[in-house]
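Worksheet: one structure, shown below.
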Amino acid sequence: MSGPREFETVGTLSNLPASASGPRHLVWWGNIGFMVIEGTGFLLAAAVYLYLMTQASVWPPAGDQLPGLLWSGIFTAGLLLSEIPNLWVLRCARAKDLAGVRWGTFAMAVIALLLFVPRGFEFAHLGVPWHQDAYGSAIWLLLVLHTVHVVTDWADTAVLGAWLFTHEVGDDQFADVEDNSNYWTFVVLCWLPVYLLVYWLPRAS
């Protein structure tokens, strides 16, 4: 019988980093995948709205009030301004600034929570119940869809913020903060076309 076989090492993974951020991180690509899927949902909802509008002789239908601009404007302004601290948190995460990501993530959770107030008044001033007609159903669909994203990101930010203050923070947690900041930017960008569809397109037609 021949003796034990000798194996030659042709490569090693020991030099690879234990963690990564940005496109080198698998979770980053998962986050992009969520945005693509959910962005497609927004596109489909917008397509429903536009299709219904083209089939109607008057939009909104006679008897339906136009949605109010005050609270929607306050929400939109607050959402756009929230990008200032959000981008700062993103820079802190990339620089691995522990104090910055802790307090910045906490601040973003508070900001998102405060935005629930004008969003709630938005629903109260849409001018039509969701079940009244196709127009009402369409604008409620768009607003509820975006609200779900705001609530989801707020919950994720709140949990992440609590973790940052109560656990050891490493490279993976900095990457999580970066992904969370990128997702909030997605939430902000998705709102802009929805805002134009719901509040301004009917006024222009």
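The values are calculated or read from the model by the stated rules, or taken from the named source; none is laboratory data. What you are looking at is a predicted structure, and each value in this text was computed from that prediction instead of being measured. Surface accessibility is based on the protein's heavy atoms, side chains included, excluding ligands, DNA and RNA. Shrake-Rupley method; radii C 1.70, N 1.55, O 1.52, S 1.80 Å.
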Quick numbers on the stretch 59-102, Rg and Dmax over C-alpha atoms in Å, give 18.5, 56
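Expressed as cubic angstrom per residue, what is the convex hull volume of the alpha carbon set of the stretch 151-205? Intermediate results must be reported in sequence, preceding the final value.
Details: hull volume 3.2 nm³, N = 55.
Cα convex hull per residue, to the nearest whole number: 59 Å³.
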Percent of all Cα-Cα pairs per 10 Å bin for the stretch 14-136, counting from 0 up to the last occupied bin, reads 11, 23, 32, 19, 11, 4, 1
Options (1) 27, 19, 17; (2) 36, 18, 12; (3) 45, 22, 12 are given for semi-axes √(5λ) of the Cα gyration tensor in Å, and the computed one is (3)
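Quick one: pull the percent of accessible area on the chain belonging to carbon and sulfur, 1.4 Å probe, ligands and nucleic acids left out. Present the calculation step by step, with values, prior to reporting the outcome.
Working: 8240 of 11780 Å².
Accessible surface attributable to carbon and sulfur in the chain totals 70 percent.
222 nm [θ] for the chain, helices only, -39500 (n - 2.57) per DSSP H run of 4+, per residue, to 500? Could you put the intermediate results ahead of the total?
Numbers: 7 runs with 144 residues, N = 205.
Calculated from helices alone, the mean residue ellipticity at 222 nm is -24500 deg cm²/dmol.
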Membrane-span-like helices (DSSP H runs, Cα span along own axis at least 15 Å, mean Kyte-Doolittle at least 1.6) in the chain -> 70-81
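How big is the shadow of the Cα convex hull of the stretch 78-134, averaged over all directions, in nm²? Working shown, then result.
Numbers: hull surface 20.6 nm².
Dividing the Cα hull surface by four gives the mean projection, 5.2 nm².
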